[in-house]
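Q: Just dropping this structure here.
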Amino acid sequence: IVNTATQCGFTPQYAELEALYRKYHDQGLEILDFPCNQFGAQAPGTLQEIRQFCTDHYAVTFPQFAKIDVNGANETPLYTYLKKQAGFKGFGQNERAQKMDRMMKKRDADYASKADIKWNFTKFLVDSQGRVVNRFEPTADMKQVDDAITSLLPRIVESVRK
């Protein structure tokens, strides 16, 4: 499950998400894309315009849903649940992570103590029973996401067999 935006510095992650989807979809992986305009108004347009952009630029084939709020008074209950199950644990140590940390601290010095979604392309890995297995911030290396998926897939296949 991922909150996305079409005009964000992380937008190229659509290509990596699509690659994961194509690689693992036949083994049970679903990617659920929820555009969100709460971070720098970087998800403008209608759902149709967003889908067209994603198809034209990244050949996205995974499901895309209507725009939602992931934080605040109008946040969707799905994200209330996801954040409760897997809070924010930091952006990591790479250069992009440090940049995000500095940006967030300017907005809210206490941001790291809150479970809120910090930016576009925060990803949640959820197992076939609806349990949140992991949360990946937008700065996480997609190899980490791939590794987490591969470790979870045998459990998904076994669950489906049962």
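The values are calculated or read from the model by the stated rules, or taken from the named source; none is laboratory data. Treat the numbers as computed from the prediction; the structure is a model and nothing was measured. Heads up, the Cβs are rebuilt from the backbone with ideal geometry, glycines too, and the neighbour counts pull from every protein chain shown. Accessible surface areas use protein heavy atoms only, side chains included; no ligands, DNA or RNA. Shrake-Rupley method; radii C 1.70, N 1.55, O 1.52, S 1.80 Å.
Q: What is the one condition in (1) free of Cβ contacts under 8 Å to residues at least 40 places away in the same chain; (2) crowded, with 17+ Cβ neighbours inside 10 Å; (3) not in a loop (DSSP other than H, G, I, E, B) that residue 14 does not satisfy?
A: The single condition residue 14 does not satisfy is (1).
Q: Test residue 47 against the stated conditions and say whether it is surrounded by fewer than 19 Cβ atoms within 10 Å (Cβ to Cβ) and farther than 29 Å from residue 153 by Cβ.
A: yes
Q: Just to verify a result, which residue in the range 140-155, among those that are crowded, with 18+ Cβ neighbours inside 10 Å and either touching an Asp or Glu at 6+ places or on another chain (Cβ under 8 Å) or of a type in the set (Val, Ile, Thr) (or both), is farthest from residue 91 (Cα to Cα)?
A: 152
Q: Further question on the same structure: If a residue must be in contact (Cβ under 8 Å) with a residue 24 or more places away in the chain, assigned to a loop (DSSP other than H, G, I, E, B) and open to solvent by 20 Å² or more (accessible area, probe 1.4 Å), how many such residues does the range 120-139 contain?
A: 4
Q: What are the pairs with Cβ atoms under 7 angstrom where one residue, in the range 65-92, is within 19 Å of residue 144 (Cβ to Cβ) and the other, located anywhere, is among the hydroxyl-bearing types (Ser, Thr, Tyr) and in a loop (DSSP other than H, G, I, E, B)? Sequence gap at least six, or different chains.
A: Within 7 Å, the pairs are 91/139; 92/139.
Q: Cβ-Cβ below 6 Å, separation at least six or inter-chain, first residue in the range 99-114 and closer than 20 Å to residue 9 by Cβ, second outside any helix (DSSP H, G or I) and hydroxyl-bearing (Ser, Thr, Tyr): which pairs?
A: 100/139
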